[in-house]
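These notes are about the structure you will find just below.
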Amino acid sequence: QVQLVESGGGLVQAGGSLRLSCAASGRTFSSYAMGWFRRAPGKAREFVAAISTNGGTTDYADSVKGRFTISRDNAKNTVYLQMNSLKPDDTAVYYCAADRARMGRAPGLYSYWGQGTQVTISS
C-alpha cells in the first residue's frame, strides 16, 4: 500500500511555471512506477507524464512534451512535475498515481492515486 499527497498547485499567468510534488508514504516507493494525470473541467482524465522506478525512463503526452519534466527522488519518496511555459489549456486538477507494474499511459494501470491539486492558468 502507498498513500500519495500532491502539492504545489496554484494560480499562475500564462507563460509561467509551477512545480508539483507528490509525496508517497511507505518504504517501497522506489519499486513503484509513477505517473501524472490531469482532469480539466468537462473533460476526461488524461495522461501527462510517467517515470520508471529508477527514473531512467520517462514518457510525456505530446501536449506537454518540451514544457513539462517529470522526475523523482527515491530518497525523499517524492515525484515531481516541473511545468514551464504554462498555457490556459493546462488548467486542470493534477493527480499523481503509482503502481508496481511497469509505467504506462493508461489510468487503469495505476493502483494508487492522490487526491489531486488544482492548477489554474490565467490568460
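The values are calculated or read from the model by the stated rules, or taken from the named source; none is laboratory data. None of the values given here were measured: they were computed from a predicted structure. Cβ atoms come from the backbone with ideal geometry, glycine included; neighbour counts cover every protein chain shown. These accessible areas exclude ligands, DNA and RNA; they are computed on the full protein's heavy atoms, side chains included. Shrake-Rupley method; radii C 1.70, N 1.55, O 1.52, S 1.80 Å.
In the neighborhood of S123, defined by Cβ-to-Cβ distances under 15 Å, what is the net charge if each Lys or Arg adds +1 and each Asp or Glu adds -1? Mind dumping the intermediate values first?
Values: positive: K87; negative: D89, D90.
Neighbourhood net charge equals -1.
In the chain, if the dipole is taken from +1 on Lys/Arg beta carbons and -1 on Asp/Glu beta carbons about the Cα centre, which of P107, T69, G26 is farthest to the positive end?
Working it through, the farthest residue towards the positive pole turns out to be G26.
Roughly how many debye, to the nearest 20, is the charge dipole of the chain about its Cα centre, given +1 on each Lys and Arg Cβ, -1 on each Asp and Glu Cβ, and no other charges? Intermediate results must be reported in sequence, preceding the final value.
On the way: 14 positive and 8 negative charges, 25 e Å.
I would put it at about 120 debye.
Please state, as a whole number in µm²/s, the translational diffusion coefficient that the Stokes-Einstein equation yields for the chain at 4 °C and 1.567 mPa s, with Rh defined as the Kirkwood radius across alpha carbon pairs. Intermediate values should be presented prior to the final figure.
Working: Rh = 14.1 Å.
Value of D from the Cα-based Kirkwood radius: 92 µm²/s.
So with the 1.4 Å probe, I'd like the accessible area per residue for segment 3-105, rounded to whole Å².
Working: 5020 Å² over 103 residues.
Using a 1.4 Å probe on heavy atoms only, each residue of segment 3-105 averages 49 Å².
How many angstrom separate the Cα center of segment 89-123 from the Cα center of segment 1-28?
10
With all protein chains present, how much of the accessible area of the chain (probe radius 1.4 Å) comes from carbon and sulfur, to the nearest whole percent? Spell out each step's value before the answer.
On the way: 2860 of 6140 Å².
Summing carbon and sulfur atoms, their accessible area is 47 percent of the total for the chain.
List the lysines whose alpha-carbon lies under 27 Å from that of K43, not counting same-chain residues fewer than 8 positions away?
K65, K87
Quick one: length gained pulling Q82 to Q1 fully straight, 0.36 nm per residue minus the C-alpha distance? Kindly include the intermediate steps, with their values, before the conclusion.
Working: separation 81, 0.36 × 81 = 29.16 nm, distance 2.60 nm.
Full-extension gain reported as 26.6 nm.
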